[in-house]
């Protein structure tokens, strides 16, 4: 069934379609409607779940951790300052190996007080052990929530996923979303039934004191899980395509086959970039775009495979790691270590500044006229 | 792809109008996108909203800089805000006003086709909003359907009834009336 | 961007025109928040016991601790907290723009 939905509705319907058992969330602009819709769906009896009201985001994640630990499938959503407040609990969820799925509406960090798009909030959670996906459109939000439960719940993965959607450019933008049918979704996503869980009949301790004798090995196992997730994501994406007809992967290459210039991007900028690529192609310029979906696990091989056939690469970041450069630029550069292909680092759209087709074309123009550099501010009023 | 930009003031319902137009086009099998300019909402402040309608998937996610159609819910915005910037040559402008189309000239726009209709009176006749602040968003959509042929008036009326929680019939009839009374 | 605040004109064209942190360009006194108000609180002098609870609770703060307390109608946003908190029902609301 197709409907016209905002990104926030798509996220709430994604959690509903995944038949989550527990929702615990705290409202924050621009995520608020996700929580509102889910509380209505639960109250109307359309989803057999417990909605746990809490007094903060830290508590929301704590409630999800507790519920997931007893074997419930849980969902939450937040944004910016809310995600920052959760930070401690994010480590607990990941290292506790609890495959929680959370929608994060990417919003700039204050001050200046901002409710607009910027990915600093989620990038700042990079090392918590969560998988992280960046969505281009509302359909991808819905689909990614379903796929994330499936990937995360594999025994050789058991990791939570942060599903990111740009503030307003997705959260408050209406688009056509196919919600599929319940039977096909249920066949794709079986019930969650973890082997190790909190159970009064079989008591265990969780998260106890871990000496240097063992902590090191738990970290090793976390890394193995992230690596396993890479192949599980590919596997689940392939199954998803077979059942629902939509193709996903760790990355998405658009007209890169014979491209001399490849633009690397993520989130909604990736959609606009596709239209920009078409426009530049019409003028005879050999340009392609590479969308990175997963920041973690980072698709090193896949990124290199596409970029190694390019003559030049430009990365567009909607955040900056102060004192260094754009965060995705760092990742892409590290992945391409040893390659002689010149690479530029661009910043655009921070704090919700609109990124137009003209802005993306200006990136390519800049690369034609200048030597590579790590920080180029598109449209900054210097 | 057809791009429509709505200009109104806070409280007139420009954002809802962009959404309803998208719904109506979707019902006719089109791909759609609708979103507001993400400002801080305040009654009376200028508001911009956007609708994209296409046969193909819509991938672009930025504001509309080169619209095919402009919908002006409040004529006091003319001159106060740069409305016609980027309007495509031969683009259409639909204005809620009591005055005829010939009264309006837009120096920057290239050969625009201007349409006018008195949505405020029609909205009031159907008891939408108050005399000081008539809610004209549903009314003007009938005029948009007539001027652009993008969607049928029936689809507009159905989408209005689906999206507006109260006074469904009155809102739909207001749209029908502007459809019939559009000048231009 | 040009902003008119009182008679003063502040022009922000580039990053150098802005302070290093998101602080307002000069005093916020020019930002008369009275325009936000849809209801106007009125203190009834004969009922008022001068307890100053309204002064304590006003978040703006737009109430002066005078005898009797006075409301600063240039900045009062009409939130109604004083009306809610007054233990003697000595503050009433009036619709703005009547």
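Data for the structure
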| read-out | value |
| --- | --- |
| Residue in the range A:80-93 that is in contact with a strand residue (DSSP E or B) (Cβ under 6 Å, 6 or more places away or on another chain) and within 21 Å of residue A:149 (Cα to Cα) present | yes |
| Segments classed as strands (runs of 3 or more DSSP E), wholly inside the range C:1-55, with at least 2 members that are modelled with pLDDT under 90 | C:2-5, C:8-11 |
| In the range A:66-117, the residues that are in a helix (DSSP H, G or I), in contact with a helix residue (DSSP H, G or I) (Cβ under 8 Å, 6 or more places away or on another chain) and over 18 Å from residue A:127 (Cα atoms) | A:68 |
| Residue list for the range A:348-374, filter: more than 14 Å from chain C (Cβ to nearest Cβ) and in a loop (DSSP other than H, G, I, E, B) | A:348, A:349, A:354, A:355, A:356, A:370, A:371, A:372, A:373, A:374 |
| Single match in A:101, A:42, A:35 (criterion: farther than 28 Å from residue A:208 by Cβ, buried (at least 20 other Cβ atoms within 10 Å of the Cβ) and in the same structural domain as residue A:200 (by TED's automatic domain parsing)) | A:35 |
| Check on residue B:19, within 24 Å of residue B:178 (Cβ to Cβ), in contact with a helix residue (DSSP H, G or I) (Cβ under 9 Å, 6 or more places away or on another chain) and at the interface with chain A (Cβ under 9 Å from one of its Cβ atoms) | yes |
| The lone exception for residue B:18 - which of (1) crowded, with 24+ Cβ neighbours inside 10 Å; (2) closer than 25 Å to residue A:279 by Cα it fails | (2) |
| Test: residue B:37 is within 17 Å of residue B:8 (Cβ to Cβ) and within 14 Å of another protein chain (Cβ to nearest Cβ) | yes |
| Evaluation of residue A:88 against (1) surrounded by fewer than 18 Cβ atoms within 10 Å (Cβ to Cβ); (2) within 14 Å of chain C (Cβ to nearest Cβ); (3) modelled with pLDDT of 95 or more (one fails), failing number | (2) |
| Residue B:118 being more than 12 Å from the chain's Cα centre (by Cα) and closer than 15 Å to residue B:73 by Cβ | yes |
| Residue within the range A:69-76 that is more than 30 Å from residue A:270 (Cβ to Cβ) and touching a strand residue (DSSP E or B) at 6+ places or on another chain (Cβ under 8 Å) present | yes |
| Any hit, the range A:173-196, residues being under 26 Å from residue A:86 (Cβ atoms), within 14 Å of another protein chain (Cβ to nearest Cβ) and touching a strand residue (DSSP E or B) at 6+ places or on another chain (Cβ under 9 Å) | yes |
| Filtered residues of the range A:303-335 (kept if farther than 19 Å from residue A:119 by Cβ, touching a helix residue (DSSP H, G or I) at 6+ places or on another chain (Cβ under 7 Å) and in a helix (DSSP H, G or I)) | A:304 |
| Single unsatisfied condition, residue B:46 versus (1) away from every other protein chain (no Cβ under 14 Å); (2) surrounded by 20 or more Cβ atoms within 10 Å (Cβ to Cβ); (3) touching a helix residue (DSSP H, G or I) at 6+ places or on another chain (Cβ under 9 Å) | (2) |
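Here's the yes/no breakdown for (1) under 19 Å from the mean Cα position of the chain (by Cα); (2) within 30 Å of residue A:215 (Cβ to Cβ):
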{"residue": "A:13", "(1), (2)": "yes, no"}
{"residue": "A:24", "(1), (2)": "no, yes"}
{"residue": "A:31", "(1), (2)": "yes, no"}
{"residue": "A:53", "(1), (2)": "no, no"}
{"residue": "A:64", "(1), (2)": "yes, yes"}
{"residue": "A:82", "(1), (2)": "yes, yes"}
{"residue": "A:87", "(1), (2)": "yes, yes"}
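The values are calculated or read from the model by the stated rules, or taken from the named source; none is laboratory data. Computed from a prediction, not measured in an experiment: that's the story for all the values here. So basically every Cβ, Gly included, is an ideal-geometry build from the backbone, and we count neighbours across all protein chains shown.
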